[in-house]
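Everything below concerns the one structure shown next.
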Amino acid sequence: MPKTYAELMQKFDDLGIKVSTIRHAPVFTVAEAQDLRGQVPGAHTKNLFLKDKKDKFFLVTVDEEAQVDLKTIHTKIGASSRVSFGKPEKLMEYLGLVPGSVSVLGIINDEEHQVKVVLDEALMHNEIINAHPLSNDATTSIRRDDLLRFLASTDHEPLILKIDESNPT
């Protein structure tokens, strides 16, 4: 059974991680989120749930403005072949999420370690990172170092790689 919002917040409390969350109407695209959020500081994310031909799964988290080349990303993230989007059934099975709610925070549900987390290095230059807290009707702000601590607490060591093709650094 996927973790609830309350369980996610309890995990943060248990780790001594302070977050702030704002509620809003459900959003399904980056453009919808930009229209709704107002002036929430920090980087805002988009997330790709990907799989390769050997059914290895990846959760790639980048800045909302990042450009990701799906034809070549497999060479960066260690996939065995070109990648495609993971099916909604696997998204629910592994991360407890539905399409439109994909978030790095969903890794709390991957207790079998079926998903490799990939964070874009440009995203990690931000002090505050914003993500959906398991549903697309809220946005949670978390400090970068606390996000890394949260991921470590789930036994997920993220790959931090240059994914954004629009960022020259």
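Here are a few things to note about the model shown:
- Take every DSSP beta bridge whose two residues both sit in the chain; close to 65 percent of them are antiparallel.
- Chain lengthening between S81 and K162 when straightened (0.36 nm per residue, less Cα-Cα): 27.3 nm
- The mean sequence separation of alpha-carbon pairs under 8 Å and at least six residues apart, normalised by the residue count of the chain, gives a relative contact order of 29 percent.
- Stretchable slack from T4 to K54, in nm (0.36 nm times residue separation minus alpha-carbon distance): 15.0 nm
- Gap separating the Cα centres of region 1-27 and region 48-90, nearest whole Å: 25
- Top positive-direction residue, dipole computed over the chain with Cβ charges, set G86, P133, T61: G86
- Amide hydrogen proximity for T45: with H placed 1.01 Å from N in the peptide plane, the residues at 5 or more positions away or on another chain lying under 5 Å are E64, N130.
- Ordering of 150-163, 92-105 by burial proxy (mean other Cβ atoms within 10 Å per residue, highest first): 92-105, 150-163
- Extreme residue, positive dipole direction of region 5-161, given options I17, A43, L70 (C-beta unit charges): L70
- From phi via Karplus (6.51, -1.76, 1.60), per-residue ³J(HN,Hα) for region 77-92 in Hz, x at Gly/Pro: 9, x, 6, 7, 7, 4, 9, 9, 6, x, 5, x, 5, 6, 4, 5
- Gain upon complete extension [D137, T154; 0.36 nm per residue less C-alpha separation]: 3.8 nm
- About the centre of its Cα atoms, region 5-161 shows a dipole size close to 420 debye [charges on the beta carbon of Lys, Arg (+1) and Asp, Glu (-1) only; nearest 20 debye].
- Pair Q114, D13: separation of 7 Å Cα→Cβ label points (nm): 3.0
- Sequence ranges 141-148, 16-23, 127-134, 73-80, ranked by mean other-Cβ count within 10 angstrom, highest first: 127-134, 141-148, 73-80, 16-23
- Helical runs (DSSP H, four residues minimum) scored at -39500 (n - 2.57) apiece and divided by the length of the chain put the mean residue ellipticity at 222 nm at -7000 deg cm²/dmol.
- In Hz, Karplus ³J(HN,Hα) per residue of region 96-110 (6.51, -1.76, 1.60; θ = phi - 60°; x = Gly, Pro): x, 10, 10, x, x, 10, 4, 7, 4, 5, x, 4, 4, 8, 8
None of the figures in this text is laboratory data; all of them are computed from the coordinates on show. Bear in mind that the values here come from a model prediction, so they are computed numbers and not experimental data. All Cβ positions, glycine included, derive from the backbone under ideal geometry; neighbour counts span all protein chains shown.
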